[in-house]
1. Quick check on segment 147-164. Is at least one of its residues of a type in the set (Asp, Glu), within 28 Å of residue 83 (Cα to Cα) and more than 14 Å from the chain's Cα centre (by Cα)?
2. So, restricting to helices (runs of 4 or more DSSP H) that lie completely within segment 124-204, which ones have at least 2 residues that are surrounded by fewer than 13 Cβ atoms within 10 Å (Cβ to Cβ)?
3. Using the structure shown, decide if residue 140 is of a type outside the set (Lys, Arg), within 20 Å of residue 82 (Cα to Cα) and in contact with a strand residue (DSSP E or B) (Cβ under 8 Å, 6 or more places away or on another chain).
Amino acid sequence: MATTVKFTESKLPVDFHIKYFIKSYHGGIHNVESAKKHYFEMIEQNAFDVIINKKSRHEAYKSFIETPILEGGLGSTNDDFINYFHNHDDVLLKHRELWSKPEGGQGANRYKKVTTHNNIISSKPIQGTSRTYSIQRLEQSGNTELAAKVISKEISANAAMIKVGLKTPTITVKQLPDDFIRVINNIFTSEQIKHICEKLTYKS
C-alpha cells in the first residue's frame, strides 16, 4: 500500500520573529522590509498577549517598544518607530491601534472611539505622514474599503478623502486673469459664477 505524505508549513516560533524584528529595526532603514515582515508575524502569533503577564495588550506592546534591547525590548520610542516606518502605512495603522490606551479596563480591543464633527477629529492630533493621516480619517469615518484601496495604492489619499467629503478639492491658479476665468468656467455652475461676480470688488 502506498503511503501518502502530506507536507505542512510550520511557522517559526514567535521568539524568532521578536529577535529578528529587533535586529532588522536597528539594522537601518535598508532593513525595513525585513522588519515589517517580522512585525506582522509577531502580531499574527499574538506576541503582545504573552510577552508580559498580567498586563493589557496595550501595556505589553508599549512596554516592548520602550524597553531597552538588553532587557528584551525594542529600545525605541513612539516617534522613532513612526519615523522608521513612515512609508509603510499598514504598519503605522497597526502600531497606533496597539499603542492606543484601551478604554474601560484590561480588554485588548476596547480602544477609545474617536468621533468626528464637521470633519474635525475630536481626539488628539494624528501624527505621521499626510497619507497615513488620510487613511486613519477614512478608517474612523467607516470608509474601510476606501482606506484599504489607499494602502494598496489603487487610489490616492487625496482623491479618496475628496470622494467621501472629508476634504475639499483645491486648485492652483496662476495670477493671470485668463487663468482665473478658465478655471471658473470649467468648475463652477452658471449660478455659482453669477454669485462670484456679485461678490467681486473692483479696484481703480
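Coordinate-derived values only; no laboratory data. What you see is a predicted model, and the numbers here were worked out from it, not measured in a lab. Cβ: placed from backbone, ideal geometry, glycine included. Neighbour counts: every protein chain shown.
1. yes
2. Filter on segment 124-204 gives 144-151, 177-187, 190-199.
3. Criteria met by residue 140.
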